Amino acid sequence: MRRRSLLIAVPAGLVTLAACGDDSGSSSDASASASPQASASSAPPPKIVDGPLPAITAGTKFGEKPTVAKGSGEPSKDLAVKTVVAGGGKAVAEGDFIAAHYLGQIWQSAKVFDNTYDRKTPLVIQLAQGSIIDGWRYALTGKKTGSRVEFSVPPTWGYGEQGSEQAGIKGDDTLVFVVDLQDTFNARSSAQGKKVPQDDAALPKVGTNTDGKAPSIKVPDGDAPKKLVAEYVLEGDGAEVEAQNSVLVQYKGVLWDGGKEFDSTYARKQLTSFSLQQVVKGWSQGLTGKKVGSRVLIVVPPDLGYGDNPPEGSGIEKDSTLVFSVDILAKM
């Protein structure tokens, strides 16, 4: 089983996407890793200093798995942060989602408690309180993608006096992280794939703008398809989404009958992420096999959507066919 980092806290999902009935589809991978997860913190912002920080003795290039020396002497009581490789990409803001490879170890022992390099899948996580330990929020905000950042996190901005038993972190342990910032996403993010012709007059037409604004969805006159439709509007060149993955997306949903919008991340100005095992079948089937970086048209017939049991207050009538534009920003 591929492990997933316990840095991740499950974000609030959208009611209109949640699968009805059984919610046992949540990924057990999220609790299988020995990595840290966010804990409640009321500590004031830390002072950020330059060091001390242990040397990176091997794997010194961006994207390479680093080897980090044992900490020498006493670690700083403040947050020590150093940009080891300066990237030239987008600046990360608090509240953004980041995609990053990282390695974490304990200052005193150099024991590695987690890394994503061996899993060959970057961590995708929101830099927000409650989603990730505070040390990450303060160390990475303002850094640019393409950067390698090394930082040490004292217990105050890590796990406090309780530590993390699962990760083998004691209450007085200072943690050392090396993070390679690969990408950042926010409410203005869009798929950036290649335009694909939309030639079928019987299917909705989706806008191809990539400016972060909601694409238009024009539903044709005529009957809705009886089977699931999942077609590229913009085809990305990223990895294919697998059925067990979670994804980070922008999306907009309208009703086939009348074209009325009933849900949209654009309107909320907030991205969302979820497991494909926790959404309606039309989404899980429609996004499986699609590439990261794509915009996908999904037409969901009632039997793969909500059937005769739509979410209360959603504006969706019984036996409605649903039309979605989905931008797959990352898989998690």
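Considering LYS120, LYS77, LYS70, the condition of being farther than 16 Å from THR141 by Cβ, surrounded by fewer than 15 Cβ atoms within 10 Å (Cβ to Cβ) and free of Cβ contacts under 8 Å to residues at least 12 places away in the same chain is satisfied by LYS120 alone. Residue-level analysis places GLN105 among those that are of a type in the set (S, T, N, Q) and open to solvent by less than 10 Å² (accessible area, probe 1.4 Å). Per the conditions (1) in a loop (DSSP other than H, G, I, E, B); (2) at pLDDT 95 or above; (3) among the aliphatic types (A, V, I, L, M); (4) more than 28 Å from SER189 (Cβ to Cβ), the sole criterion not satisfied by ALA34 is (2).
On the basis of being surrounded by fewer than 17 Cβ atoms within 10 Å (Cβ to Cβ), among the hydroxyl-bearing types (Ser, Thr, Tyr) and either modelled with pLDDT of 95 or more or not in a loop (DSSP other than H, G, I, E, B) (or both), does THR184 make the cut? Answer is no for this residue.
Reported count of residues in the range 57-80, each being farther than 26 Å from THR121 by Cα and either under 26 Å from the mean Cα position of the chain (by Cα) or among the small types (Gly, Ala, Ser) (or both), is 6.
Residue-by-condition table, conditions (1) free of Cβ contacts under 8 Å to residues at least 40 places away in the same chain; (2) surrounded by 19 or more Cβ atoms within 10 Å (Cβ to Cβ); (3) acidic (Asp, Glu); (4) part of a loop (DSSP other than H, G, I, E, B):
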| site | (1), (2), (3), (4) |
| --- | --- |
| GLY142 | no, no, no, yes |
| VAL149 | no, yes, no, no |
| GLN166 | no, no, no, yes |
| VAL176 | no, yes, no, no |
| ARG188 | yes, no, no, yes |
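Within the range 151-164, how many residues turn out to be among the aliphatic types (A, V, I, L, M) and without any contact (Cβ under 8 Å) to a residue 60 or more places away in the chain? Looking only at that region, the number is 0. Taking the range 59-109 on its own, how many of its residues are small (Gly, Ala, Ser) and outside any loop (DSSP other than H, G, I, E, B)? Summing the residues that are small (Gly, Ala, Ser) and outside any loop (DSSP other than H, G, I, E, B) in the range 59-109 gives 5. Exactly one residue among VAL153, VAL241, VAL206, VAL233 is touching a Gly at 6+ places or on another chain (Cβ under 6 Å), open to solvent by less than 30 Å² (accessible area, probe 1.4 Å), among the aliphatic types (A, V, I, L, M) and modelled with pLDDT of 95 or more, and that residue is VAL153.
Scan the range 110-138 for residues that are in a loop (DSSP other than H, G, I, E, B) and within 18 Å of the chain's Cα centre (by Cα) and report the count. Looking only at that region, the number is 11.
The values are calculated or read from the model by the stated rules, or taken from the named source; none is laboratory data. Being a predicted model, the structure only gives us computed values, none of them experimental. Positions of Cβ are generated from backbone atoms using ideal geometry, with glycine treated the same way; all protein chains shown enter the neighbour counts. When the accessible area is computed, the model is the full protein with side chains, heavy atoms only, and any ligands, DNA or RNA have been set aside. Shrake-Rupley method; radii C 1.70, N 1.55, O 1.52, S 1.80 Å.
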